[in-house]
1. In the list 100, 104, which residue meets the criterion of being closer than 20 Å to residue 58 by Cα and either of a type outside the set (A, V, I, L, M, F, W, C) or under 17 Å from the mean Cα position of the chain (by Cα) (or both)?
2. Does residue 109 count as within 18 Å of residue 57 (Cβ to Cβ), free of Cβ contacts under 8 Å to residues at least 24 places away in the same chain and not aliphatic (A, V, I, L, M)?
3. Just give me the residues in the range 103-134 being acidic (Asp, Glu) and exposed (fewer than 15 other Cβ atoms within 10 Å of the Cβ), in sequence order.
4. Could you identify the single residue in 78, 70, 82 that is free of Cβ contacts under 8 Å to residues at least 40 places away in the same chain, more than 23 Å from residue 131 (Cα to Cα) and outside any loop (DSSP other than H, G, I, E, B)?
Amino acid sequence: MIKSGKTRKRVTYNVHLNAHTGISILYKHREADTLHLSKNEQLCRTFAQLVFYHYAQNKKVAWYAEKLGVTQVYLCTVVKQVTGRTCIDFISYMVIMDAKSQLKLSSASIQSISDALNFPNISLFSRYFKRHTEMTPLEYRNKG
């Protein structure tokens, strides 16, 4: 667990900063005019908001599609069409940015971080992290 209040604030700040970056990436090719969003853009925005609040607990696209009342195939098609990225890419980005923030800004054990991100075990967390960053959580933590 994150022990000091100061460290907790830094982790929280970085997680929120990373989330904003992720959301801006999602819409980087779109106008910021929210009053004139298409149905598909609205769906993507709602998807992004759900991911922001639930990425640690839910990493499966099917869960988000169910919450949005659409099929998984439809959600994936719309998100790819609007953003150029897949649903999995966006979810993974949020998970990895949170993991990176915790690894660099806290003294929490890798097991604790794995638990906080709702991985069934540290081995799956380590493989997931390595697949997305090309280094293990420990290598990332110890990196310059």
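The numbers here are math on the coordinates, done by the rules we state, and not lab data. None of the values given here were measured: they were computed from a predicted structure. We place every Cβ from the backbone using ideal geometry, glycine too, and count neighbours over all the protein chains shown.
1. Working: 104 fails: closer than 20 Å to residue 58 by Cα.
Within the list 100, 104, the selection yields 100.
2. Values: within 18 Å of residue 57 (Cβ to Cβ): no; free of Cβ contacts under 8 Å to residues at least 24 places away in the same chain: yes; not aliphatic (A, V, I, L, M): yes.
For residue 109, the condition - within 18 Å of residue 57 (Cβ to Cβ), free of Cβ contacts under 8 Å to residues at least 24 places away in the same chain and not aliphatic (A, V, I, L, M) - is not met.
3. Hit for the range 103-134 is 134, nothing else.
4. Working: 70 fails: outside any loop (DSSP other than H, G, I, E, B); 82 fails: free of Cβ contacts under 8 Å to residues at least 40 places away in the same chain.
Result: 78 is the single residue among 78, 70, 82 that is free of Cβ contacts under 8 Å to residues at least 40 places away in the same chain, more than 23 Å from residue 131 (Cα to Cα) and outside any loop (DSSP other than H, G, I, E, B).
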